[in-house]
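Down below is the structure, laid out as structure tokens.
The values are calculated or read from the model by the stated rules, or taken from the named source; none is laboratory data. Computed from a predicted structure; not experimentally measured. Here Cβ is always computed from backbone atoms with ideal geometry, including for glycine, and neighbour counts include all displayed protein chains.
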Amino acid sequence: MSRYDTSDDDHQPMVWLRGYPFYAAHFLVLVFVVSMLATTLLLAFNGLSVLELLSFSSERVLKGQVWRIFTYGLVNPPSVLPFVIDMFMIAWFGREVEKFFGRRKFLFLYGCIYFLSPLLLALIGVWKPMQLAGESGAFALFIAFATLYPDVVMLFNILAKWVAVILFGISSLAALAYHDWAALISLWVTVGFAFAFVRYEQGRITLPGIRLPKINLFQKKPELRVVPDLKPQKSSGAKISKEIPIGEIDMLLDKIAESGMSSLTPKERARLDAAREELLKKGR
């Protein structure tokens with residue numbers, strides 16, 4: 001189903017095991033299966049304290065136990081049907097998403113899905129304590145798949161986009177019914193991010209640009225001219241009794257060169273006319 005050239009290494013399997021392709025999505029499934037087995041052994045041999053140490057708790061995280069943000073997904077009790085469905089979603093739909101985007105973007109997508117829930121719940125934990133344990137991003141990978149291939153026919157001839165809508169609605173209602181706010185928040189934030197990620201990569205969502213004012217640190221500052229104080233001279237017939245300093249004439253000429261004659265004020269225009277008359281008289 002990938003739209004990319006299969007010769008690209010990033011879209012190829014990580015390894016081949018006895019002729020079968022092994023993708024990064026399959027590696028994630030392997031990690032979670034091992035974590036489920038470890039969780040089962042800890043539960044069987046009174047290792048509940050270890051599992052409690054790995055689970056996410058907003059209260060404990062805010063007190064400095066930040067490792068819980070990383071380890072919460074490794075606590076997977078042996079619940080057969082939900083766990084199997086989650087692993088199937090990662091292995092099948094995650095693999096197709098990985099084929100489409102490549103291994104690096106797929107791992108970035110899953111990494112964001114994995115960490116978004118605990119980070120947001122830690123923030124909400126300032127007001128209300130939140131708990132979370134177990135892998136929580138499998139359904140988001142299915143949403144990414146359904147966003148990429150909305151018209152793929154699935155079970156009972158239902159299109160993938162409608163299956164995604166139905167499952168999302170049922171999951172939301174179940175979390176509301178049991179007042180499982182952590183599960184509801186995790187569901188909404190991971191699904192929303194997966195959908196937005198795919199749409200962004202497709203070019204259908206663009207991030208707003210931020211324009212900052214340009215500051216030229218090397219802009220040349222205007223030079224200040226020291227105009228000598230000249231003694232006034234009498235001028236017959238001139239409207240202004242004092243001879244206009246050369247520096248002031250230069251300043252007026254510079255202003256005209258930069259902004260035009262219309263930029264002069266009436267007073268500056270009169271000064272310039274008087275200076276012109278003075279120069280004409282001296283030339284006679």
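Here are some notes:
- In the set (1) among the basic types (Lys, Arg); (2) within 19 Å of the chain's Cα centre (by Cα); (3) in a loop (DSSP other than H, G, I, E, B), the condition left unmet by ARG199 is number (3).
- Residues satisfying the stated conditions in region 237-259, i.e. at pLDDT 70 or above and in a loop (DSSP other than H, G, I, E, B): PRO245
- Filter pass, ARG103 being closer than 21 Å to ALA144 by Cα, among the charged types (D, E, K, R) and out of contact with any Leu (no Cβ under 6 Å at 6 or more places or on another chain): yes
- Restricting attention to region 79-119, the residues being buried (at least 18 other Cβ atoms within 10 Å of the Cβ), under 20 Å from ASP180 (Cβ atoms) and either under 23 Å from the mean Cα position of the chain (by Cα) or among the hydroxyl-bearing types (Ser, Thr, Tyr) (or both) number 5.
- Boolean, ALA175 is in the same structural domain as LEU107 (by TED's automatic domain parsing), free of Cβ contacts under 8 Å to residues at least 12 places away in the same chain and in a helix (DSSP H, G or I): no
- Here ALA194 clears all of (1) among the small types (Gly, Ala, Ser); (2) crowded, with 20+ Cβ neighbours inside 10 Å; (3) over 22 Å from the mean Cα position of the chain (by Cα) except the condition numbered (3).
- Selection count, region 130-149, where residues are in contact with a Lys or Arg (Cβ under 8 Å, 6 or more places away or on another chain) and surrounded by 24 or more Cβ atoms within 10 Å (Cβ to Cβ): 1
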